[in-house]
Each structure stands twice: as C-alpha cells, then as structure tokens.
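The structure appears below as structure tokens.
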Amino acid sequence: MTGGRPCAVCMYYTRRERCHWPTLKEEFFKGMCQRVLVLVAFDVDALCACKILQYLFQCDHILYTIVPVSGREDFERAFVAHSEGIRHVILVNCGATDDIIEMLQPEDNITFFVCDSHRPVDVHNIYNQVQVKLLMRPDELHDVPQFDEVFSDDDEEPEEADDVCEEPEEADDDSGNDSDTSGPVRKKKRVDEQTLEKEREKRLWREARNKRIFEYTEFSGFGTSAALLMFEIAWKMSKDTNDLLWLAILGVTSQYANRQVERDKYIEDIGQLQSHVSRLNNRSEDDSENIISVNCLKITFESELQLTMYRHWSLFESLCHSDYTFCKFKMWSMKGKKRLHEFLADMGLPLVQCRQRFAAMDMSLKETVKDMISKQTEKYSIDEQKLFLPSFHVQFGFKNKFCAMDAVLACEAMLESVSANLTPSDNFLKAGDVLNRSKTECMEKALSQAKMQLQAIVHQVQTFIDMKHQVICAGPFLYAFVTEGTPDASFFSKPTCLCHLAQFTLDAYSTMSHNKRAQNLPLVLGAPQDADLGTMLVVGVPPASDTSRKNFFGKAFEQAAITSNTQMMQDNFDSNVIMLKMDDKSKFFDALISLLQ
Amino acid sequence: MFGEKALELVKELQRSKTGTISAINEDVMRQVLEEMRALFEQNQRDVTLALAGEQLLFSAIQIRHSALERNKRCLLAYLAGRLNYVRETRWQFGSVLPAEVKQNLSEPELQWFNKYSKCLANYMSSIGGHGGLDLTQDVKPPKTLYIEVRCLTDHGEFETQDGSIVLLKKNSQHFMLRSECEHLVRQGFLEHIVH
Amino acid sequence: MSLSGNSSGKISRSNENYFSIDDIIATQEKIPCKFEVAVPHLGYLDQSSDSEDVAVGTKLELPYWLAQSLCGRRKHTVSVELPKVYRESYREIFDADATVVDLHKLGPYFYLFGTRLLHFEHPDSADIAKNLLQTFQTRFRMIMDMSQNSFNEDVTQLTQKLDETERTIFDVGQQGLNDFQQWETRQVDKLTTSMMVANHRKRKRAQVDDGQE
C-alpha cells in the first residue's frame, strides 16, 4: 500500500482541466527512456483506441511498443516481459477494475495511464495519485467510497492485530501463576481494555469498509468508450482527422452492439460525434470542381436500418439473422416464416429480389427499402426505435461502403476467429488490418466470418427453442448450456460471441415463453471451451428489459465459487465472463442458485 | 558427346535462379576436369604426331580443342555465377551468413566472401566523412525517421541506441528509429507497417 | 546474374557473352552436319558406326559450339544444314501468322540460336535474319499486351508458348507493371524482407514441414 495519505481528488482527464497529453509529452522528453508500453485488451473499442493512440504517438515521434493482452494472466505476463526500462505504461480497456500496483508490483518510477471503459474503477487506482493516472470523465466516477471509508493508517496487517488481540488473553491465563507480576498485570489489564476497545472499533470499521466496497463493486458496467476519449484527446491537440473520427465511431458503436451501455448514453455519444462528423465532412453535395477525391474517407450520418449486414448479404438472410426481426416474426416457427413472407409481400418486395445479394437488387427497390419498412411498422407492430438506429456509414472509393455496425461485427468476428493455426495475438493483428482502409480484402474476409458466426448463433438459438427444457428457469435466473459436440460449438468458446448468443437467446426466449417473468430474468449461458482441459466458458447477461445494463454476475460468480469451493477463473477483463471446469458445473450452479434466491 | 557433364553444372545454375544455391557440385566438376585432362593428353599426342608429319590429324585436334574451350567456359561460368550469388548475399543477408547458406559454399568461396566483406567495409569507412557511410543501409530512399514494425517471430531482446531494451515478441508492434531496425526488416524478423 | 567477360579470343559478330548462362545453353543445341573430311581417332562420336575414324560424308548432329569451330570462312571440316525450324517451310508459317506458333516447343532459344546460325553464312541467312526480325516484331505486340494486362494472375498459361528471350521481356513488362502498382498504393515506402532471405525462409519452412510429415 502506498504510504501517506494522498488527497481525495484523483488526477484525471476532464473537459474543464488541461488535457493530460502535454504532461505525457513533457515527461517523455525530460526522461532518458522514451519508450512507452501500451497494453491493449481484446475488444473492438480497445483496438480503435489503440489505433488513435498510435497515430498521435507517430505525430510526435514518441517510441512505443504495443502488446495485445487477452486476459489478466496475459496482462501480468506481458508487463513483466516488456517493462524493462519503461517509465510509462498505457492500459487500454484493461486494468481499471483491478488494483494494478498490487497485481504487477512495478518499480516506483513507472507511471500507469489507464484508459479503460470498465467500471467500477478499483479504489486503489482512484486514490493512488502518484503512479496511477486515470484517463476518464470525472462524472463517471460516481458513488466512489470516500477515502476514509476504505483506507486507514492503522489498518496495516490485520493478522498481526489479531495476535495482539490474543496476547492479553494469554497474559491473563499466566497472571495466576506469577504473583510477582501483579503490578504489571494490572497495568496490562487497563491497557488490555483500551486495546480491546480499539480492536472492536477496528473490526467494525473493517466490516463497514467491506460492506461499502461490496456495494461499490456489486454491479459492473461500462463508461465512455476508450476510443471516444482518445479521439477527444486528439481533438484537443488539434490532431483529429476523419480516420480517427471513424475509429471513435466504431468504439462507441461496439459498446452499443454488445449492449454494454444504455441507449441514452449511446445517443448522447452519437450526438457528440455527429458534430465532429459535420465539422470534418462538410463538403457540399455538388462538388463540381472535384476538389475532394472519391478515394477520401467520407463519413455520413444516417438513421441506419438495423438489419445485420444487409448491404453485404441478401435482404432475406439479413432479416432471418437479425436479433430484432428474428424475434419479432418468431422465425423459429413455420408460422413466423410465413409472416415474414407476408411482410415482404406487403412491402412490394418480390421474394426473388430479396433472396439476391443486396448489391444486385434493383436500384429502385434498394433505395426505397427503408421507406417501405417504415410504412409497415404499424401493421406489424414494429418498434421503430429497435429497427432504426442513428448511426454512421463510411465511404471510400466507389465500391467501399460500410456502416458502423457491420464494421464492428466484422472486426469482432476476426478478433475471435477460430482457425486452428492462429494464435490470439495473430487474430488481434488481423482485426487491426480489417480496419485498415488499404486492405479491403481483409474486411471482406471478416464479413464472411461474421456471417458464419451469426448463422451459428441463430442455429443454436433455434435449437434452444425447438428442444424442450433447454433454457431452464432456476428461479432468480434462466440458464442454458451449449451441448458438447455441437458442430459450431467452437464459435462459442470465445467470450464476445458467447455473449451475443446469450443476448439473442434471452430475447428469443422472453418473446416465446409463457413465463411472464421471462422479460425480467437474467440469463447464464455455458459453453464448452477446451475439450482437452475440460473447461467451459460461462457468461451472465442482464435481463432483456433492463435498460441500465448493469451486471451483477461478476460478484455473483465470485461468491458462488467461494461457497461451492470450485476453481473458477475470472481471467477476462469483463467480470461477467468466467472459466469453469466441466466437472464443477453442477456444484457451481447450485451455489449460484442458492446465492441469488 | 563432350561437354555434356559441364553443361549439367550450367543447368544447375540456371535452375537456382530464384535466389538460393545448392552445394558446390565437386563431383561433376572433377569429372569435367577429368574429361579435359584426357582430351588434353590426346591432343598433345596428336600435335606431336602432326608436327612430325601427319596432316590429317588437324581436324581431330581442332575438335578436341573446341571441347576443351567449351568445358572451360562452362566451368568458369559456373564458378562466376556462384560468385555473383555470394556477392549478393553480402548485400542481402549482411556480413553474417546463416548456417544453411554457409554450408552450401565451398571453402574458397567462403574466403572470397570474407575478403569481399572486408573490402566493402574498408571502402564504406573511407567515404562519407568521419564514421564512414553504411551503403547497405537505406536501400530504398527513406521517407520517415521512424517506422512502425510488427514482430513476425520471437527475436528476444533488442537494445536501441538510447540504451532502452525492446522485447521483440511475436505479434507485438513497435515504433522505432528506421535506421536501427532496417536490417531486422530486411532479414525478415520484422514487418514494416505502412498506412 | 551475368558478368560479361571477354570472349575466348574471338571477336564475333553476335554479342557473345562469355558467362551468359542462356548463351551457353542455347549454343548446346544440335545442328545437322556432314563431315567433309575424315577425322581419325574420333570414331566414337558416331555411335552408329564401329570404325575408329569418322569417315567422309558421315552425317551427325553436332552441338552448335562444335559446329561453329569446324565450319567457318577459313575451314570447312563439316558442312552444316539448317535445322528444320529455320528452313523455308517454317519461315512461311511464321510469315502467315507468327503469334500462334509455340516458339518454346520449337526450341526454347529460338531467337538466340537463330542469330547464332547467321555465323554460318548459309545462302538463306539474309532471309532467316529478316524472318527472325519480323516474327519478333509481330509477336512483340502480343507479349507487351499480355504482360501489361495480367496483374497478380497465374501467367504460366500465357508464357507457355514463348521462347526464353520473349519470356525475359514478358517478365520485364510484368515487373514494370508491379512497380507501378506498388508506387500507386504507396508500397514503395515499405521496407521489405530481401528476396533472398524470403526465399531462404520459404525453403526452410518447407523442409521443416516435409520433415514433420
């Protein structure tokens, strides 16, 4: 624990205060060792933030090393391996929720900059003014325990305190045998009372502290996207470009795509981005002098149709594989499929056209698809908010047009690609290439991977619904397992894909179930991860009706593991994703059920 | 027909145009030299005879002489071609050759390589003012002082000019001084990332 | 990969490149010859006869380099015939349509060898020279077109019917196209692994894979 009592205000980036970047620069140029170590987590937001950071570093010729880390173990290992001679470490989407000083045991002269959207931030990180600097918005650090509630000078080694507690009792026992020490014994008795009182106070304080910490860390969630924060830093330094803006858009969109933030937060972020977009993309529609080349990146705001990858697929396929439409039309049943056909017919879209690749559809139909769907919303009671989303799409060159959602999905699919001969860090680099404009073939490949993933997900959801008793109600939550040996099970051995499956399953189940409470129940989903090691991956997602997206499973899993005495690994930076041994499954789930009753 | 063995050597050289070289074919070389020796001896005999008076031997002498010249040409071309390759390796692999390349070169070729390296080093240190000029650096005109590289294989620790240590682990990305890591890129340990 | 050195004493009209591998291999091609003089002790050159000497009038196919030294202005140990590819009948085919001919099959070094043939000062030499030039000119346009328009494709189909000289030209064309593409996409800035190292590694990896299997 760091000595002394730092003041209760932590150093962090705010819109009002000076930006943190110049401090970084000054510290670098003064110091002898100029290299910065950047540890990046395995998600799209982190990847985008990292790319923005790379650009800023390159502008200022700051040397850096970037190491992708897939979980806490990787994180520790990478730090130990790469930190020789390093003074500054930047953590992207990792490290906020752990006491990093305790975890990494770094030298005193190393400073950590944490740009992580995971919440809640560990109190040690907040109150360590010397070595840990948080790059976050201050209004997101709400409900932080006061310094006095969690730290105390007296609270050194509790074990020693217990020993001190015991000694007086022993002395009491001995006092009877030794009559010569009656004087000191009486003094000891007074002292004993004082110490006993102190001990009691300490105990109470410790209990209060534990309770406070539990309240603080009970729910995990997400703050502002790391990519957006990085973009703001760039903007403050007047180094923002359209490319960086696109990366920020992808970061924010990925948060919404993974249902990590509320819709309101997303809309707010989008509004902010929208002003940047109009500032950086203000060419007039009739650019008759052709000043700006077609190859330049152009971002456009649009109310996007939420049909997954419809531009890169056929309209029909997209309707069948999008969460909302799949559930709305109940497409696990024949009746549902018929209803979909009716829907298309009502819109005046011939089925043949809908089954063709979207790019090959008639121009007239393509342009009016959105309008036609809008007209039908009442008849089919479609929630416009769910089907249309304010978002952006990007264009460069004649052929390349991608919307933010699709780009995020493609990138995620690549990050979690299940090819046998690719290591996770290979995937990280490939995912980075997907976002590289000059490598559109990577994007194409990633999109087809995303399609395969989505098809596997839909197939699995269909299985869950068709076969009885797959999704079981355990009272406080629903749970289901992907059976071993399912052909596509390999997709679900990766956290993000499994989370997508969980969300999809929950939506579908709550739509079709007769259980009125299904809308308000969270879901725990398990899938086999590694057959050789006998492990499985388990995720917990909040209920479909919960808009705050706060997740209590992190803590719940932790407790359940303790009470059932099972070995569980919370290696992923998202605390609601854990690894278990297959054999411990029933023990663990029993404990979880009794915990949450 | 004479010269067919020698042609084998030349064909071997033609096949290896893609930038690798096979071990020096001492067997075939020896056979060619044998053939040449035999031809030479026969010619010597015939020349003495011809000088002594026999006229008709001239065409035979001519044929054998052409064969000798042909074999000589093939051998020289073989050796010259290999030497070209050795010279090229200095520019592409650097002054330390990997073991697999070394084992394919003969002893004289290795000595030639060392001498050539020395000549090159002497020349490079004599030009460009103090400190000399490293001609093997900057094969393409540099556009930036610093470049971003991606590590393709685990290459261990690398010490930079300012003393800091970079761990070149597979799939890590680094931003470094171009002059420091150019040779690692050329040797295939790092990949240069351009945007 | 060739060093030009001085030729073996002779100054010939064609550009003889002493160390040129292509030239060495091209000059190995056979020419039908007839011995005008008897050659003692070298009877083994003629595998069909058992005699110790080569008799006058023996017809053999000799490699060019040998025929060249035996048949010239000053000596006439053998007389040569033109190989069939350079005779009138074939010349007429080339005149008709040179672009469809498989020049690789007709002798991979069609042009090189053809120019060497002119050394013999055969009465047809002038026609041969003209014909070579014309064939080359006609095919050149096709080669240039092919090399500039096939980017990143498998070109073995296209180059199958080209002779070695044409293949070199084709490669030069492709190289130019690739260079331009690289310049356009700013790949020129990119430092690359030197070619030798890349090939060396490919071979190493292949060996390891073979070893594993």
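Bear in mind that the values in this text are calculations on the coordinates, not laboratory data. Everything numeric here is computed off the predicted structure, so don't read it as measured data. Don't worry about glycine lacking a Cβ; one is built from the backbone with ideal geometry, like all the others, and counts go over all protein chains shown.
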- [ ] Could you pull the Cα extents of segment C:85-209 along its three principal axes, largest to smallest, in whole Å?
- [x] 56, 35, 24
- [ ] Quickly work out the B:R87-to-B:D134 label distance, labels modelled 7 Å from Cα along the C-beta direction, and quote it in nm with one decimal.
- [x] 2.3 nm
TODO: Could you estimate the translational diffusion coefficient of the protein assembly as shown from the Stokes-Einstein equation, with Rh from the Kirkwood formula over C-alpha pairs, at 20 °C and 1.002 mPa s, in whole µm²/s?
DONE: 60 µm²/s
TODO: Using only the alpha carbons of segment B:4-94, determine the length spanned along each of the three principal axes and report them from longest to shortest in whole angstroms.
DONE: 61, 20, 16
Task: Cα-projected label distance for A:R137 with B:V194, points at 7 Å along beta-carbon direction, nm - done: 4.0 nm
Open item on the list: Could you tell me the center-to-center distance, by alpha carbons, between segment A:388-408 and segment B:76-154 in angstrom?
Closed with: 48 Å
Open item on the list: Under the √(5λ) rule applied to the eigenvalues of the Cα gyration tensor, what semi-axes describe the equivalent ellipsoid of chain B? Give them in Å, descending.
Closed with: 52, 18, 13
Open item on the list: Check which residues have an amide H placed less than 5 Å from A:D122's amide H, if you skip close sequence neighbours.
Closed with: A:T97, A:D98
- [ ] Quickly work out the C:F151-to-C:D97 label distance, labels modelled 7 Å from Cα along the C-beta direction, and quote it in nm with one decimal.
- [x] 3.1 nm
Task: Residues of segment A:199-237 with amide N under 19 Å of a point placed 7 Å along Cα→Cβ from A:D148 - done: A:199-213
- [ ] Determine the distance separating the Cα centre of segment A:299-328 from the Cα centre of segment A:544-559; give it in Å without decimals.
- [x] 28 Å
Task: GluC sites (Glu not before Pro) restricted to DSSP loop in segment A:427-493 with at most 13 other C-beta within 10 Å - done: A:E484
TODO: Work out which helices of chain A, taken as complete DSSP H runs, extend at least 24 Å along their axis over the Cα atoms and score a mean Kyte-Doolittle of -1.0 or more, then list them.
DONE: A:263-280, A:440-466, A:495-512
Task: Förster-model FRET efficiency, 25 Å R0, B:L110 and B:S179, C-beta, rounded to 0.05 - done: 0.30
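For segment A:371-530, just say rounded, prolate or oblate: build the C-alpha gyration tensor, square-root its eigenvalues into a ≥ b ≥ c, call rounded for a/c under 1.5, and beyond that prolate if a/b exceeds b/c, oblate if not.
oblate
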TODO: Could you list which residues have their amide H under 5 Å from that of C:I31, counting only those 5 or more apart in sequence or on another chain, with H placed in the peptide plane?
DONE: C:L62, C:Y64
- [ ] Sort the following peptides by mean Cβ neighbour count (other Cβ atoms within 10 Å, averaged over residues), highest first: A:502-509, B:92-99, B:75-82.
- [x] A:502-509, B:75-82, B:92-99
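Sorted by average packing, counted as other Cβ atoms within 10 angstrom per residue and highest first, what order do B:58-66, A:53-61, B:109-117, B:135-143 take?
B:58-66, A:53-61, B:109-117, B:135-143
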- [ ] Quick one: which residues, 5 or more positions from A:T111 or on another chain, have an amide H under 5 Å from its amide H? H modelled 1.01 Å from N in the peptide plane, none for Pro or chain starts.
- [x] A:H88, A:V89
Task: Shape category assigned to segment A:91-146 from the gyration tensor of Cα positions, a/c cut at 1.5 - done: prolate
Open item on the list: For C:K75, project a label point 7 Å along Cα to C-beta. Then give me every residue of segment B:65-80 with its amide nitrogen under 14 Å of that point.
Closed with: B:65-70
Open item on the list: Take chain A, mark every one of the trypsin sites (Lys or Arg not before Pro) that falls in a DSSP loop and has at most 12 other Cβ within 10 Å, then report the longest stretch left between them, sites excluded.
Closed with: A:19-282
Open item on the list: Please list 3J(HN,Hα) in residue order for segment B:113-130, calculated via the Karplus relation 6.51 cos²θ - 1.76 cosθ + 1.60 where θ = phi - 60°; whole Hz, with x for glycine and proline.
Closed with: 4, 5, 5, 4, 4, 5, 4, 4, 4, 4, 5, 5, 7, 8, 10, x, x, 5
Open item on the list: From the mean inverse distance of alpha carbon pairs (Kirkwood) and the Cα radius of gyration, derive Rg over Rh for chain C.
Closed with: 1.08
Open item on the list: Given R₀ = 56 Å, what would the calculated FRET efficiency be for A:E444 paired with B:T48, taking r from the Cβ atoms and rounding to 0.05?
Closed with: 0.10
- [ ] Could you grab the Rg to Rh ratio for segment A:211-251? Cα atoms only, Kirkwood for Rh.
- [x] 1.29
- [ ] May I ask you to list the trypsin sites (Lys or Arg not before Pro) in segment C:99-161 that are in a DSSP loop and have at most 10 other Cβ atoms within 10 Å of their Cβ?
- [x] none
Task: Cut-off 17 Å (backbone N to label point 7 Å along Cα→Cβ of A:S303), residues of segment A:350-371 - done: A:367-371
- [ ] Using a 10 Å cut-off on Cβ to Cβ distances, tally the other chain neighbours for every residue of C:18-25 and report the average as a whole number.
- [x] 6
Task: Alpha-carbon centroids, segment A:200-220 and segment C:135-164: separation in whole Å - done: 80 Å
